[in-house]
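In what follows, a single structure is set out as structure tokens and then discussed.
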Amino acid sequence: MLKIEHLTKRYGDKLAVDDLSIEIKSGEIYGFIGHNGAGKTTTIKCSCGLLEFESGEIYVDGISIKDDPIECKRRLSYLPDNPDLYDFMPGIKYLNFVADIYGMEVEERDKQIHKLADMFGITKDLAQPINSYSHGMKQKLALISAFMHKPKLVLLDEPFVGLDPVAAHRMKEEMKEACKDGAAVFFSTHVLEVAEKLCDKIAIISGGKLIASGTTDEVRGNVSLEEVFLELEEKNV
Amino acid sequence: MSNTVSELVKIKITGDISSMISFMRGRNAKGQSFNIGTAFILAVVVIAFGFMMVFSFGISTVVGFQMKEKGCGWLYFPMAFVASGIFSFIGTVFAAQSYLYEAKDNELLMSMPIKPADILLSRMIALYLLNFIYANMLFLPVGVAHGLLFGYSLLTFLGFVISMFLIPLLVTALSSIFGYLFGRLIKLIPSKNFLTVVLGLFTILALSFITLNFGHILQTLMNDIDKVAYWAQSNLHVLYWYGLATNCYYTPVNLNNYPLTYNDIHFNGSYSPINFVGIIPITTITAAVVYAVSIFLSRHFTGIVTRKTAMKKKKYVRKKLKKTNIQLALIKKEVGYFFSMPAYVMNAGMSTIMAVLLGVGILLRGSIIVEWLPRMFPDASTNLIGLAVGSSLALSCTLNDVTAPTISLEGKTIWILKSTPLGAMKVFFAKALLAPIVCLPGVIFTAFASALTLKLKAADILFIIFIPILACLFSGFLGVCVNLKLPRFDWTNEITVIKQSLSVIFTLLLSMFFTAIPFTLAIVPSAYLEDFSSVWAYGICIVYFAALVLLEIFFLSTDGKKIWNEL
């Protein structure tokens, strides 16, 4: 569903991502781990067409993001690490706006929005303007907008930040549900325990380079993911 | 002043200055500084300050001369004190709220071992400096004019210098407390956006009235200056004593036998040092007001800054959602954003106000235009009224800079538009169409007013409807083009983008310039050539604007798309 081939991205003189290749198949939950500034966010932003890149290729469902970004974006949804939303809109209007962009039918949007809003416990707040929402509520609203149109690829940057334990649990369930329906989820995280328990596959990035990838079992071997991560980081330094 | 306070003042002032300069300098889409901006800012600042100072000097000289002639020179500085104070108050009262109570770092500073009173003091000092600039922009030329008209003694000069520091001090205290009260009041009102817009409109209309009638007001003041002086002398004792302390050109016959009669006014140019005592009451009152305000606000500062008004929760009622096509959804989003911010409406919605004012003017005085134009241009082969109204409406549309900050205003939410399946052109069109949406109500009103009052032909009516629409589209697309070239996403407050960004200033200037060209080309031949029909004039304008709009769309579909992808 997502194929990144030899991705290289620079910010001026700084090499943010260096020849990175990953493939994520339908039905997989793929965790992306790395220290601050390792290149996780840049990779995700390139994958959803937010950032242009110097070399390499990214395919979403077999379509090049460079050649046909709009078609790729129809198949994916993206959630940044700190989702700023349109503060002036009430929550329900924001969700309806996103549904309009993805061309969702009335019945479908109505069903999906309310199912997800009930799941995250924010239905009663949907009439409130977003500027009255807490950080966690904004995160939940952004998650609803990411999942409601049933994308084939979900790209999430630090999705657990700001979520309460119940919401975090429900989001994991939603990620699994989406994968059961044939979607692929690619997310970055610093919470190694979550990655270890939730992901089918894991990639570790350091200094813009991929230093390990594979199934969760392959990456961690007989030790914990934390030990593997720390050891690889030390070696790389 | 403690080190903490001086450090906080330094941080506030340097932060404000660098943020203002950085915003006005502008950056292109790649984040590089736009060099022409620095010279441009300097020019704008010099022109604005220069204009105000020359204006103040001119008025002071005229009014001061009358005062001298009529022997009431004592009124000169009290009047300047009040005028500079009001000017400064209007200029800074809304800044007071954001400087003192809504500063983003208030909570951070209060979590540190700093006394709340010190934080407040540092903010008030910064506000004082702002008031000092505003007040003395008017008061300094007043002092120079006084020197030329009346001359100075050592004591009157000292009085002038003290006043330079006293006026901003009093205004700082008043705007601080007013800012606090206004903040409290607005939190009690459910529809504060509406209230702010109404208040803003009222202020604009009041200022427009004063500006339009300034000559008459000034003339009345000069004719009756002695009566004003007499009234003030009898009723405003503190100002009267202050006047005695700062001007030689009126010494009362007997200070102890006050109040004096109208006939007692003398003009002798003498000055007794005892007069200087008259500055004490106004200084004492200012000190008392500043002290009372400081004590009150420092006691309540923590409460004011951290107070959160409980918003009445809107109950969500599940209704059937409506599907809208993408373009309309984007337009609705832009319109929603515009009307959610009173400051945006007030700054960018001037075009509608101007168009409505024009319509009201035509309804009330339309017959004068009908009679006046043919007499003014006897050689004109055609009826100039349609062209005159159409061009005025189109020019009023150029005051519409509503789209100039729209790209920058996406700010940190730009990921929404860029990560979803939206073509850049859809986004550009939604932003550009905001301009006619905002302008059209005023244009249609004025078109109807003109049709009713000016007895226009069908062609004229069509022209005065279509040409402003084209002008609106032109300025709307222009705003998007300029903003794509000069976007800023590093703002912390939307007002900075709406009011200060280079994109807005450039759009306004370019829009006015390009709109003035066709009308000059159409009106001049229409007025002076016998064989130049109005159809030709209308044709020139319509083709010109249509071509400009097409050029803008071409730019957006080529370079504009590339820039959008790089943002």
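Of the listed requirements (1) at pLDDT 90 or above; (2) in contact with a Pro (Cβ under 9 Å, 6 or more places away or on another chain), B:Ala173 misses just one: (2). Once the stretch B:284-306 is narrowed to residues that are in contact (Cβ under 8 Å) with a residue 60 or more places away in the chain and closer than 30 Å to A:Ile130 by Cβ, the residue that is farthest from the other protein chains (Cβ to nearest Cβ) is B:Phe301.
Among what's in the stretch A:77-95 and is of a type in the set (A, V, I, L, M) and more than 8 Å from chain B (Cβ to nearest Cβ), pick the residue that is nearest to the chain's Cα centre (by Cα).
Going through the qualifying residues, I end up with A:Leu79.
Looking at A:Glu108, A:Glu71, can you tell me which residue is more than 22 Å from the chain's Cα centre (by Cα), free of Cβ contacts under 8 Å to residues at least 24 places away in the same chain and more than 7 Å from every other protein chain (Cβ to nearest Cβ)? Full working, then the answer.
Details: A:Glu71 fails: more than 22 Å from the chain's Cα centre (by Cα).
Selected residue: A:Glu108, the only one of A:Glu108, A:Glu71 that is more than 22 Å from the chain's Cα centre (by Cα), free of Cβ contacts under 8 Å to residues at least 24 places away in the same chain and more than 7 Å from every other protein chain (Cβ to nearest Cβ).
Within the stretch A:122-177, if we keep just the residues that are of a type in the set (Ser, Thr, Tyr) and either in contact (Cβ under 8 Å) with a residue 24 or more places away in the chain or more than 14 Å from chain B (Cβ to nearest Cβ) (or both), the residue that is surrounded by the fewest Cβ atoms within 10 Å (Cβ to Cβ) turns out to be A:Tyr133.
Counting just the residues of the stretch B:418-430 that are in contact (Cβ under 8 Å) with a residue 12 or more places away in the chain and within 14 Å of chain A (Cβ to nearest Cβ), which one comes out farthest from A:Pro69 (Cα to Cα)? The qualifying residue farthest from A:Pro69 (Cα to Cα) is B:Ala430. Inside the stretch B:63-90, residues that are crowded, with 18+ Cβ neighbours inside 10 Å and among the β-branched types (Val, Ile, Thr) make up a count of 1.
The values are calculated or read from the model by the stated rules, or taken from the named source; none is laboratory data. Predicted model, so just to flag it, every value in this text is computed and none were measured. Don't worry about glycine lacking a Cβ; one is built from the backbone with ideal geometry, like all the others, and counts go over all protein chains shown.
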